[in-house]
1. Being in contact with a Lys or Arg (Cβ under 7 Å, 6 or more places away or on another chain), among the charged types (D, E, K, R) and surrounded by 11 or more Cβ atoms within 10 Å (Cβ to Cβ) narrows it down to one of Asp72, Asp47, so name that one.
2. Among the residues of region 17-55, which ones are closer than 16 Å to Leu7 by Cα, in a loop (DSSP other than H, G, I, E, B) and among the charged types (D, E, K, R)?
3. Can you find, within region 79-109, the residue that is modelled with the lowest pLDDT among those that are within 22 Å of Leu67 (Cα to Cα) and small (Gly, Ala, Ser)?
4. Look at region 93-102 and say how many of its residues are loosely packed, with under 15 Cβ neighbours inside 10 Å and either polar (S, T, N, Q) or within 18 Å of Pro129 (Cα to Cα) (or both).
5. Please verify whether Asp72 is closer than 30 Å to Val131 by Cα, in contact with a Leu (Cβ under 7 Å, 6 or more places away or on another chain) and among the charged types (D, E, K, R), treating the condition exactly as stated.
6. Which residues, taken from region 56-106, are in a loop (DSSP other than H, G, I, E, B) and of a type in the set (D, E, K, R)?
7. So, in region 14-31, how many residues would count as being away from the ligand (no atom under 12 Å from the Cβ) and among the hydroxyl-bearing types (Ser, Thr, Tyr)?
8. All but one of (1) touching a residue at least 40 places away in the same chain (Cβ under 8 Å); (2) within 16 Å of the ligand (Cβ to nearest atom) hold for Asp83, so report the exception by its number.
Amino acid sequence: MSGFGYLDSDHAKMQRYIARGWCALPGPYGAACSNEQGVSHRYAHYDSGDDTSWTDGWEADAPDPVLPEQPDDIADDSHDYPDPRRAADRVNAFISEWGDGLVDQVGEAGLYARDLASLARFTLDTLGPQVDEPRGDGS
Ligand SMILES: [Zn+2]
C-alpha cells in the first residue's frame, strides 16, 4: 500500500509521468496512469509502478469513510457527547499547542481558536473544574 487514501493523488508521480508523455490520469490510492497518452485506453487506465488498473468513474466506488475515534470511549455509532468539562480541557490543551487564529475553514465557515477558548472558558466557569470521579472503566 502506498500510504495514500483512496481519493488522494500523488502529484509528484503525476508530474513525472506527464514529463514522460504518459497519460498521468490519477487513480485510486495515489496511482497515476503510465500508459502513453491517447493510445487505446480511453476508459481503462493502468499504473505500471503500482500494478494498479482502474476505469473512468472510479471515484464513485470510494469506500465509506472511517469515522475517527471519539473521545471518552464513546462508540462511533452513538449519539452521546463527552463530558463537557473533559471536552473543555481537551480544547484548552489543543489551543495551547495550536496557538491563536484560524484553526480550519470549510467553505465559508471558519473555526477560530478564540471561539473554542470562549466555549471552553464558559463551560469551565459554568460547571466548575473536573472533579476526579470514577469513569466506570477504571481509568
Ligand atoms: Zn490513462
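The values are calculated or read from the model by the stated rules, or taken from the named source; none is laboratory data. A quick note: this is a predicted structure, and the numbers were derived from the prediction, not measured. Please note: Cβ atoms are built from the backbone with ideal geometry, for glycine as well, and neighbour counts cover all protein chains shown.
1. Details: Asp47 fails: in contact with a Lys or Arg (Cβ under 7 Å, 6 or more places away or on another chain).
Going through Asp72, Asp47 in turn, the sole match is Asp72.
2. Selection gives Asp50 alone.
3. Gly107
4. Number satisfying all stated conditions: 3.
5. No; evaluated as a whole, the condition is false for this residue.
6. Residues satisfying the conditions are Asp56, Asp64, Glu69, Asp76, Asp77, Asp80, Asp83, Asp100.
7. Residues flagged as away from the ligand (no atom under 12 Å from the Cβ) and among the hydroxyl-bearing types (Ser, Thr, Tyr) within region 14-31 amount to 1.
8. So the condition that Asp83 fails would be (2).
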